[in-house]
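Presented below is the structure to which this report refers.
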Amino acid sequence: MIVQSLNQIRAHIRQAALDYHRDPESVLLLAVSKTRPAKDIAVAYQAGQRHFGENYCQEALKKQQELGAFDITWHFIGPIQSNKTRALAAHFDWVHSVDKLKIAQRLSEQRPDTLPPLNICLQVNISSEETKSGISLEELPELCKEIAELPHLKLRGVMAIPSPQEEFEQQRRPYKILYQAVEKLGNPELDTFSFGMTGDLTAAIAEGATLVRIGTALFGAREQV
Ligand SMILES: *Cc1c(COP(=O)(O)O)cnc(C)c1O
């Protein structure tokens with residue numbers, strides 16, 4: 001099942017990229033494995049998947065231990081509590097959900113010297129719902145500048161989780177706005193647009209996603225917790 005879904009998603013990404021005149025190789029699939037057992041990750045891994053995303057620190061560390069022998073690139077995509085930054089800095093390759101300078105500073109300070117700089121995306125809230133985390137578009141230029149100064153981080157781009165929309169054009173809009181805002185910064189190091197989940201994958205690719213975060217379409221529906 002997982003292998004079949006993985007192949008379908010790969011085909012979907014490829015087709016969406018071609019439809020929007022993009023190189024299919026420019027869109028990376030991040031398999032979102034939150035709430036899934038390590039054995040599900042192992043199945044996807046055997047089928048060639050290397051990038052996995054987790055939302056809960058404790059849960060992720062446990063799976064990382066179980067999968068120690070696997071050459072996985074781990075991405076953290078969940079809300080960040082400041083008492084978890086040390087573990088994130090030591091055990092992940094990417095953190096997509098940075099939305100405060102304070103958190104970025106801690107991640108930089110706590111990144112072990114033996115590891116390469118931690119890849120960072122700033123989470124930007126483009127639907128401007130009060131309940132969602134993420135910085136505003138207005139805060140983006142300043143925060144980019146400040147994070148670029150931190151020695152053990154490598155700022156790679158932005159992550160967005162827009163409020164769910166049914167309609168394709170509505171799905172595209174926030175991504176388009178954020179893509180243009182990043183372009184305007186004119187920083188070639190910002191090469192990552194962490195856009196799109198199961199429900200809006202095509203719209204995200206149409207608007208420049210370089211990394212799509214897919215859980216449900218790959219592993220099936222999650223149980224409500
Ligand atoms: C859970 C989650 C996903 C995956 O969502 P699906 O709809 O299951 O594909 C992607 N990004 C973030 C930040 C998530 O928390």
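The values are calculated or read from the model by the stated rules, or taken from the named source; none is laboratory data. What you see is a predicted model, and the numbers here were worked out from it, not measured in a lab. Heads up, the Cβs are rebuilt from the backbone with ideal geometry, glycines too, and the neighbour counts pull from every protein chain shown. In case anyone asks, the SASA skips ligands and DNA or RNA and just uses the protein heavy atoms, side chains included. Shrake-Rupley method; radii C 1.70, N 1.55, O 1.52, S 1.80 Å.
Is the range 153-163 home to any residue that is assigned to a helix (DSSP H, G or I) and open to solvent by 20 Å² or more (accessible area, probe 1.4 Å)?
no
Report the residue count in the range 8-33 for those that are under 15 Å from GLY215 (Cα atoms) and either part of a strand (DSSP E or B) or open to solvent by less than 40 Å² (accessible area, probe 1.4 Å) (or both).
Looking only at that region, the number is 8.
Mind checking whether some residue in the range 172-186 is more than 16 Å from the ligand (Cβ to nearest atom), open to solvent by 70 Å² or more (accessible area, probe 1.4 Å) and not in a helix (DSSP H, G or I)?
The answer is no; no qualifying residue exists.
Output the residue which, of all residues in the range 34-47 that are within 19 Å of the chain's Cα centre (by Cα) and more than 13 Å from the ligand (Cβ to nearest atom), is most open to solvent (accessible area, probe 1.4 Å).
By that ranking, first place goes to TYR45.
Determine, yes or no, whether LEU30 is under 17 Å from the mean Cα position of the chain (by Cα) and not polar (S, T, N, Q).
For LEU30, the condition - under 17 Å from the mean Cα position of the chain (by Cα) and not polar (S, T, N, Q) - is met.
Tell me, which residue of the range 95-122 that is of a type in the set (S, T, N, Q) and within 25 Å of LEU137 (Cβ to Cβ) is nearest to the ligand (Cβ to nearest atom)?
The qualifying residue nearest to the ligand (Cβ to nearest atom) is SER97.
Using the structure shown, decide if ARG111 is crowded, with 18+ Cβ neighbours inside 10 Å, of a type in the set (Lys, Arg) and in contact with an Asp or Glu (Cβ under 8 Å, 6 or more places away or on another chain).
The answer is no for ARG111.
Out of (1) of a type in the set (Gly, Ala, Ser); (2) more than 11 Å from the ligand (Cβ to nearest atom); (3) crowded, with 18+ Cβ neighbours inside 10 Å, the odd one out for GLY196 is which?
(2)
In the range 71-80, is there at least one residue being of a type outside the set (Asp, Glu), within 12 Å of the ligand (Cβ to nearest atom), out of contact with any Lys or Arg (no Cβ under 7 Å at 6 or more places or on another chain) and open to solvent by 50 Å² or more (accessible area, probe 1.4 Å)?
For the range 71-80, residues of a type outside the set (Asp, Glu), within 12 Å of the ligand (Cβ to nearest atom), out of contact with any Lys or Arg (no Cβ under 7 Å at 6 or more places or on another chain) and open to solvent by 50 Å² or more (accessible area, probe 1.4 Å): present.
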